[in-house]
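Undergrad: Take a look at this one; I'll ask things after.
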Amino acid sequence: NAEEGAVDPPKVEEKIGAVPHGLQTDSDVVKRESESISSRSLRNNAEKFEFQAEVSRLMDIIINSLYSNKDIFLRELISNASDALDKIRFLSLTDKEVLGEGDTSKLDIQIKLDKEKKILSLRDRGIGMTKEDLIKNLGTIAKSGTSAFVEKMQSSGDLNLIGQFGVGFYSVYLVADYVEVISKHNDDKQYVWESKADGAFAISEDTWNEPLGRGTEIRLHLRDEAQEYLEESKLKELVKKYSEFINFPIYIWASKEVDVEVPADEDESSDEEETSDSSSSEEGEDEDAEKSEDDDAEKKSKTKKVKETTYEWELLNDVKAIWLRSPKEVTDEEYTKFYHSLAKDFSDEKPLAWSHFTAEGDVEFKAVLFVPPKAPQDLYESYYNTNKANLKLYVRRVFISEEFDELLPKYLSFLKGLVDSDTLPLNVSREMLQAHSSLKTIKKKLIRKALDMIRKIAEEDPDESSGKDEKGIVY
Ligand SMILES: Nc1ncnc2c1ncn2[C@@H]1O[C@H](COP(=O)(O)OP(=O)(O)OP(=O)(O)O)[C@@H](O)[C@H]1O
């Protein structure tokens, strides 16, 4: 059992002791792997790793948390899936081949429920993770926000802002006690990452699951008290609530009751078949049962309607880009929700102000800028980090980058928002875009609009801006 063996820090040599898959038959592997799932222990032959200490602490807090809003895990998973899809779509601009063919090339997100096994799974056809990515991203490299978040959690117990600290993935342990991440990156084989949040995780080359083609499937083995996430209606509600502005289609494998015609009296006919020892036709059986009936009645009695459950992919979002709509048609509530999803800021607060506009002329673009309700938690830390920019850049609806600091000067880097340009070329690298002459024009217009927006806040709330407190005392 994986738990019994001492788990050392990240250690690749452990694999040496593993039974090479090549020595086993496929059915052995399948049997062993499914047994492993049923006993919920990590797979025996997997490479074991220890989580980085801060990550381990974070997971401990999450798994023992009494935080009541457990729903947030789904929003974090969908947000990660959407980021991974953005990345592959970006790469495909310069190399179409990366998308693959057939289903693999479909950029979507799929949710499936397995009520029997109590598994909720979420699959994306995004960029996927190599073995090294899995080890680094999901366990051994702590993000700078990890300890800040741990501290915040300990003082406030509020998990809602987890996504802002760059550790959203671990929120899965609010609802699951065992998680598998199956991933396939174009540059590597398919791997399975698994962990029970007990300080260790394991990685195995995936020789038993269906090949993903490309992308990631996260399987949450739900805790007993989180069984509500096996209800289709609950998931539909959550996707609507949190993931309305995701730019990729989100599907759920939904059940549907349909009426189907089946041969009438099936049971009797099969009984008869057994006794008559021949492949007697249905007609023959009907004649036996109702000899006096006329032709019509005979036909009717041959079939009956029964309810059957079928499954199909149901689309849950309408993939709308809010910035393409006319500002007049977008409600305040929609802007607020859009801000929450863009900034990963799911507090109840409204942004202080926003500006949604279209620039026309030589350089065409649409933009939405927001003044957040509060200063970002890492405003000062990140001020001198050259990669820090809060504007997302899209070119013709395709997400290019959020590390694009040519769009706003540093003193405005607290703003959130996005720019979607029709003038910038699509099929060039980020470096080439950064040198594009249109960027200067875009930047100039953005600064003007941003300052207008900030000036308006001052005009609407002069007390705030003139430095008076509530009692009117100027300080
Ligand atoms: N579905 C996925 N496909 C590819 N990579 C993923 C996926 N989910 C997570 N990752 C990788 O794991 C990392 C950690 O995810 P995590 O959610 O903890 O942080 P984040 O995505 O960087 O920040 P945030 O929580 O704000 O979304 C990601 O940065 C990404 O590299």
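Undergrad: Looking only at segment 140-154, count how many residues are under 26 Å from Y339 (Cα atoms), assigned to a helix (DSSP H, G or I) and within 12 Å of the ligand (Cβ to nearest atom).
TA: 3
Undergrad: OK, next. Would you call L107 in a loop (DSSP other than H, G, I, E, B), in contact with a Gly (Cβ under 8 Å, 6 or more places away or on another chain), under 30 Å from K256 (Cα atoms) and more than 10 Å from the ligand (Cβ to nearest atom)? Break it down stepwise before answering.
TA: Values: in a loop (DSSP other than H, G, I, E, B): yes; in contact with a Gly (Cβ under 8 Å, 6 or more places away or on another chain): yes; under 30 Å from K256 (Cα atoms): yes; more than 10 Å from the ligand (Cβ to nearest atom): yes.
Considered against the rule, which asks whether it is in a loop (DSSP other than H, G, I, E, B), in contact with a Gly (Cβ under 8 Å, 6 or more places away or on another chain), under 30 Å from K256 (Cα atoms) and more than 10 Å from the ligand (Cβ to nearest atom), L107 comes out as yes.
Undergrad: Would you be able to tell me the number of residues in segment 403-431 that are assigned to a loop (DSSP other than H, G, I, E, B) and closer than 19 Å to W354 by Cα?
TA: So the answer is 6.
Undergrad: Of all residues in segment 155-207, count the ones that are within 13 Å of the ligand (Cβ to nearest atom), buried (at least 18 other Cβ atoms within 10 Å of the Cβ) and within 20 Å of D71 (Cβ to Cβ).
TA: 14
Undergrad: Take the residues of segment 183-233 that are hydrophobic (A, V, I, L, M, F, W, C) and in a helix (DSSP H, G or I): which is farthest from L58 (Cα to Cα)?
TA: Ranking the candidates gives L230 first.
Undergrad: All but one of (1) in a strand (DSSP E or B); (2) polar (S, T, N, Q); (3) at pLDDT below 90 hold for T310; state the number of the condition that does not hold.
TA: Exception for T310: condition (3).
Undergrad: Can I ask one more? What number of residues within segment 326-347 are assigned to a helix (DSSP H, G or I), among the aromatic types (F, W, Y) and within 16 Å of the ligand (Cβ to nearest atom)?
TA: Adding up the residues that qualify gives 1.
Undergrad: Moving on to the next point. Condition first: under 14 Å from E217 (Cα atoms) and not β-branched (V, I, T). Now tell me which residues in segment 179-188 satisfy that.
TA: Within segment 179-188, E180, S183, K184, H185 qualify.
Undergrad: So the check is Cβ under 9 Å with 6+ separation or different chains; which pairs have a first residue in segment 350-363 that's under 15 Å from K443 (Cβ atoms) and a second one that's buried (at least 19 other Cβ atoms within 10 Å of the Cβ) and of a type in the set (S, T, N, Q)?
TA: So the pair list comes out as A359/S421; V363/S421.
Undergrad: Working only within segment 314-349, note down all residues that are free of Cβ contacts under 8 Å to residues at least 12 places away in the same chain, of a type outside the set (K, R) and closer than 25 Å to L424 by Cα.
TA: S326
Undergrad: Based on what the data block shows, is L134 within 29 Å of G213 (Cβ to Cβ), buried (at least 19 other Cβ atoms within 10 Å of the Cβ) and either basic (K, R) or more than 10 Å from the ligand (Cβ to nearest atom) (or both)?
TA: Considered against the rule, which asks whether it is within 29 Å of G213 (Cβ to Cβ), buried (at least 19 other Cβ atoms within 10 Å of the Cβ) and either basic (K, R) or more than 10 Å from the ligand (Cβ to nearest atom) (or both), L134 comes out as no.
Undergrad: Residues of segment 395-404 being surrounded by fewer than 18 Cβ atoms within 10 Å (Cβ to Cβ) and more than 22 Å from the chain's Cα centre (by Cα), which ones?
TA: Once the filter is applied, which keeps residues that are surrounded by fewer than 18 Cβ atoms within 10 Å (Cβ to Cβ) and more than 22 Å from the chain's Cα centre (by Cα), segment 395-404 yields only R396.
Undergrad: Give the residue, chosen from K112, K117, that is more than 14 Å from the ligand (Cβ to nearest atom) and either assigned to a strand (DSSP E or B) or among the β-branched types (V, I, T) (or both).
TA: Details: K117 fails: either assigned to a strand (DSSP E or B) or among the β-branched types (V, I, T) (or both).
Exactly one of K112, K117 is more than 14 Å from the ligand (Cβ to nearest atom) and either assigned to a strand (DSSP E or B) or among the β-branched types (V, I, T) (or both), namely K112.
Undergrad: Can you tell me which residues in segment 65-101 are more than 22 Å from L230 (Cβ to Cβ), within 14 Å of the ligand (Cβ to nearest atom) and either among the hydroxyl-bearing types (S, T, Y) or without any contact (Cβ under 8 Å) to a residue 24 or more places away in the chain (or both)?
TA: Selection gives S82 alone.
The values are calculated or read from the model by the stated rules, or taken from the named source; none is laboratory data. Note that this is a predicted model, so its numbers are computed, not measured. Note: ideal-geometry Cβ built from the backbone for every residue, glycine included; neighbour counts use all protein chains shown.
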